[in-house]
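The values are calculated or read from the model by the stated rules, or taken from the named source; none is laboratory data. Predicted, not measured: the structure shown is a model, and the values here were computed from it. Note that each Cβ is placed from the backbone with ideal geometry, even for glycine, and that neighbours are counted across all protein chains shown.
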Amino acid sequence: MQTRDIPQLNITTSRLGFGAMRMPEKDRQIDYPRAEALIDYCMQNGITYYDTAWVYHNKQSEPFLRRALVERYPRGRFTLATKLPLGECHSPADMARIFEAQRQKLGVEYIDFYLLHGIDADGWDQFKRLGAPAYLRRLKDEGKIRFGGFSFHDDNAAFAPILDEFPCDFCQIQVNYADWYQRGADELYRAAAERNIPIIIMEPVRGGGLANLYPGMLELLTRHDPEASQTSWAMRFCGALPHADVVLSGMSTLKQCEDNIKTFSALRPLSDAENETLRAIARAFDSIPHIPCTQCRYCDGCPRGIDIPWMFTAMNIHLRYQGRWELSFEYWNNISEAHRASACIQCGQCEAICPQRIGIINELKRVHQKALSLRE
């Protein structure tokens, strides 16, 4: 496993990080035996950076890491990152209460990387009103966190002003070759690099989208290396960026862990020809109609129990591959009427926390209408 010295923080970490937001589940709960096996494999193969958040897996990700990681491995062998949820912070007391609850859930005296979660321009204003930057500094002074930063989800124009206002130790941004070539992720990366701020990359495979390319796109990759996985191309792209300190991956299976660890154990830079191929795939990928859902599952708390990521995946399968099974059979036969897209009450709870800023209410209407048309 390749490592990275981050001199600004005086720390060394693995280049590949484990994102504990897409772990294997059983009956909508973390499947502890299978998930623990992933942690064990990653620890045995040199991954030292583990990222979670208050909201992941319906607030079960942090307790899982306590049991699978903190209670089973020496504290000095890994670094932990978790995040302060904007949506649940309405006062300074809320921030303090949640942080202490997170330390208890994780079973640690200190948290290595502590982030203001999912910041956009409005969220930054709210965190400033709450005094969050000063609170993070106080936590550092008290030895309760080592580094304070934020994860970002907004238009590019909002990013640099936050960097200039917030004396953060690091930042976490969404970078992958599709967003780099088509949606300006390179601007976020350069803004942080120019300010010498360490960068943690999230969504390097765009929620799995870059691991499920059209056959025509896949053929472009196999011309260069017929043995390489689609995921490895996306991970190589991010790993090759000189200012990308850690690349997070929400790994769900042992096969994914093996593939990513293989990539980051012998990281090969991309040639000019390979980069041009990824640029061409990014253009093609973005041109195909799709809902830009990354399966992060921040929206899992739907009051009607609608599995929104499943709905969007089924719709994207139809849009990208003309697949009918999910929306024409699964939707009508294996999902109850109370949990179909049509059950949406338009409360807007999901839209308020969606990091991709998807108009979920309208997209659910589209999903139901498409399912109706395929049923007829």
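If the requirement is being of a type outside the set (A, V, I, L, M, F, W, C), touching a residue at least 24 places away in the same chain (Cβ under 8 Å), touching a helix residue (DSSP H, G or I) at 6+ places or on another chain (Cβ under 6 Å) and not assigned by TED's automatic domain parsing to the domain that holds ALA178, which of these qualifies: HIS243, HIS318, HIS224? Lay out the reasoning, then the answer.
Details: HIS243 fails: not assigned by TED's automatic domain parsing to the domain that holds ALA178; HIS224 fails: not assigned by TED's automatic domain parsing to the domain that holds ALA178.
Only one candidate passes the filter, namely HIS318.
The rows are residues; the columns are (1) over 15 Å from the mean Cα position of the chain (by Cα); (2) over 29 Å from LYS26 (Cβ atoms).
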{"residue": "CYS171", "(1), (2)": "no, yes"}
{"residue": "LEU188", "(1), (2)": "yes, yes"}
{"residue": "LEU210", "(1), (2)": "no, no"}
{"residue": "ALA240", "(1), (2)": "yes, yes"}
{"residue": "LEU248", "(1), (2)": "no, no"}
{"residue": "ASN260", "(1), (2)": "yes, no"}
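If you go through the range 14-34, how many residues are buried (at least 22 other Cβ atoms within 10 Å of the Cβ) and either charged (D, E, K, R) or under 17 Å from LYS255 (Cβ atoms) (or both)?
Residues flagged as buried (at least 22 other Cβ atoms within 10 Å of the Cβ) and either charged (D, E, K, R) or under 17 Å from LYS255 (Cβ atoms) (or both) within the range 14-34 amount to 5.
Only one of these is over 21 Å from the mean Cα position of the chain (by Cα) and among the acidic types (Asp, Glu): ASP112, ASP125, ASP120. Name it.
Residue meeting the stated conditions: ASP125.
Would you confirm whether any residue within the range 299-318 is over 26 Å from GLY250 (Cβ atoms), of a type in the set (Gly, Ala, Ser) and buried (at least 19 other Cβ atoms within 10 Å of the Cβ)?
Checking the range 299-318: not a single residue is over 26 Å from GLY250 (Cβ atoms), of a type in the set (Gly, Ala, Ser) and buried (at least 19 other Cβ atoms within 10 Å of the Cβ).
Here is a yes/no grid of residues against (1) farther than 22 Å from ASP272 by Cα; (2) assigned to a helix (DSSP H, G or I); (3) modelled with pLDDT under 95:
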residue: VAL205; (1), (2), (3): no, no, yes
residue: MET217; (1), (2), (3): no, yes, yes
residue: LEU220; (1), (2), (3): no, yes, yes
residue: ALA228; (1), (2), (3): no, no, yes
residue: CYS238; (1), (2), (3): no, yes, no
residue: LEU248; (1), (2), (3): yes, no, no
residue: MET251; (1), (2), (3): yes, no, yes
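Identify the single condition in (1) buried (at least 19 other Cβ atoms within 10 Å of the Cβ); (2) touching a strand residue (DSSP E or B) at 6+ places or on another chain (Cβ under 9 Å); (3) not in a loop (DSSP other than H, G, I, E, B) that ALA193 does not satisfy, given that it satisfies every other one.
(1)
Taking the criterion of being more than 30 Å from ALA20 (Cβ to Cβ), modelled with pLDDT under 80 and among the aromatic types (Phe, Trp, Tyr), would at least one residue in the range 322-334 satisfy it?
Yes, the range 322-334 has at least one match.
What number goes with the only condition from (1) over 30 Å from ARG283 (Cβ atoms); (2) at pLDDT below 95; (3) in a strand (DSSP E or B) that ARG146 does not pass?
(2)
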